[in-house]
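Following: one structure in structure tokens, then a few remarks.
Every number in this text was worked out from the coordinates using simple rules, so none of it is lab data. Note that the coordinates shown come from a computational prediction; the quantities given were computed from them, not determined experimentally. With ideal geometry, Cβ positions are generated from the backbone for all residues, glycine too; neighbour counts draw on all protein chains shown.
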Amino acid sequence: MLYTRASEAANVIAGRAPGPIGAGVVLGSGLGGLADRLSDPVAMPYAELPHFPMTTVAGHPGRLLIGGIGGLRVAMFQGRFHHYEGHDLECVTFPIRVLHRLGVPRVILTAATGGIRDDLGPGSIVCLSDHLNLMGVSPLRGRNDDRLGPRFLDLSEVYSSRLRSLAREEAARLGFVLPEGVYACMPGPNYETPAEIRMLRALGADVVGMSTVPEAIVARHSGLEVLGLVIVTNWAAGISPAPLSHAEVIEASLAVGGRLADLIDAVLRRLSTEPDAG
Ligand code: GMP
């Protein structure tokens, strides 16, 4: 049972790195470098944790790190699971269930995306305000375990307005404006056609990717606060004449990753000053 599996993984993690954890962070393609900022990290390869699937994507090494950032203990997932790898959405979102069983109150989701909106070109950092789940399935499909969350979940505010304004303030302090945008989640693994991107634009999407949304839904199901911070690594298909490639995505996210890392670092430090920091 999912509840039992998540609890077993959480118990092993808590045994190896005891103590309350104030935030989880899921690191997207090419963004693994943020983990270098953790003080006294304890690294746990997914292979050593019960019930964790294996990652198969370049740029996703596959381990959990627990360490400190400015007084806050943080759990960072370096390497995530995607639906397009063949994992079902229960596997994809398993790390979020584990955060819940560890008692972690909030999660920051990061990702590489294609830019659709005119002002969101490569190199932009975007704070998610909402999403379109176009995967054709919800990660909550199947029998509901009430210990994990409610059967029918309200998604009126997936991405916490409190965390969004906090992130905006910290970006301003770092000297840049943090735009907000709507993330369209496609199943992948192929990139979109130009016609699909025109469709997504008409539907109100600002950026497009193949992750984040299942995790955000499960985080809300688990009662976690969610912040989504994504990097635009490329213009979405058809906007520029250049063909899309994962090598370009990794290169671009490595180039901007430092600035996103600064922002997440600042947000975590700010959270560490809150009374419920953990
Ligand atoms: O390079 C592929 C990886 O980056 C996937 O994990 C996607 O989530 C993300 N990605 C970056 N750019 C794009 C894009 O233009 N479209 C889609 N669907 N995913 C993208």
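A few points about this structure:
- Packing-based exposure ordering (other Cβ within 10 Å, fewest first) of 39, 129, 222: 39, 129, 222
- Residue 240/residue 155 FRET efficiency (R0 30 Å; Cβ-Cβ; nearest 0.05): 0.40
- Each residue in 126, 74 was given a count of other beta-carbon atoms within 10 angstrom of its own, and listing them fewest first yields 126, 74.
- According to the Kirkwood relation over distinct C-alpha pairs, the hydrodynamic radius of the chain is 18.6 Å.
- In order along the stretch 73-82, phi translates into HN-Hα couplings of 8, 10, 9, 10, 8, 9, x, 10, 9, 10 Hz, rounded to whole numbers, per the Karplus curve 6.51 cos²θ - 1.76 cosθ + 1.60 with θ = phi - 60° and x for Gly and Pro.
- Exposure proxy shown here: for 77, 52, 176, 152, the number of other Cβ atoms within 10 Å sets the order, fewest to most, as 152, 176, 52, 77.
- In this structure, the amide hydrogen of residue 180, modeled 1.01 Å from its nitrogen in the peptide plane, lies closer than 5 angstrom to those of 127, counting only residues at least 5 positions away or on a different chain.
- The chain: calculated mean residue ellipticity at 222 nm from DSSP helix runs of at least 4, using -39500 (n - 2.57): -9500 deg cm²/dmol
- Within the stretch 1-155, all pairs of alpha-carbon atoms sorted by distance into 5 Å bins from zero give the percentages 2, 8, 17, 21, 21, 16, 10, 4, 1, 0.
- Alpha carbon centroid spacing (whole Å) that separates the stretch 143-160 from the stretch 68-127: 18 Å
- Translational diffusion of the stretch 5-53, estimated by Stokes-Einstein from the Kirkwood radius over alpha carbon pairs at 20 °C in a medium of 1.002 mPa s, is 173 µm² per second.
- Residues with amide H under 5 Å from that of residue 23, placed H, sequence gap 5 or more: 75
- Derived scalar couplings between HN and Hα for the stretch 244-253 equal 8, 8, 5, 4, 5, 4, 5, 4, 5, 6 Hz in order, rounded to whole Hz, by the Karplus curve 6.51 cos²θ - 1.76 cosθ + 1.60 (θ = phi - 60°), x for Gly and Pro.
- Dividing the mean sequence gap of close Cα pairs (under 8 Å, 6+ apart) by how many residues the stretch 56-152 holds gives a relative contact order of 17 percent.
- Computed with the Debye formula from one identical point scatterer per Cα of the stretch 88-182, without solvent, the log10 of I(q)/I(0) at q = 0.13, 0.16 Å⁻¹ comes to -0.60, -0.88.
- Segment residue 176-residue 195, length gained on full extension (0.36 nm per residue, minus Cα span): 3.6 nm
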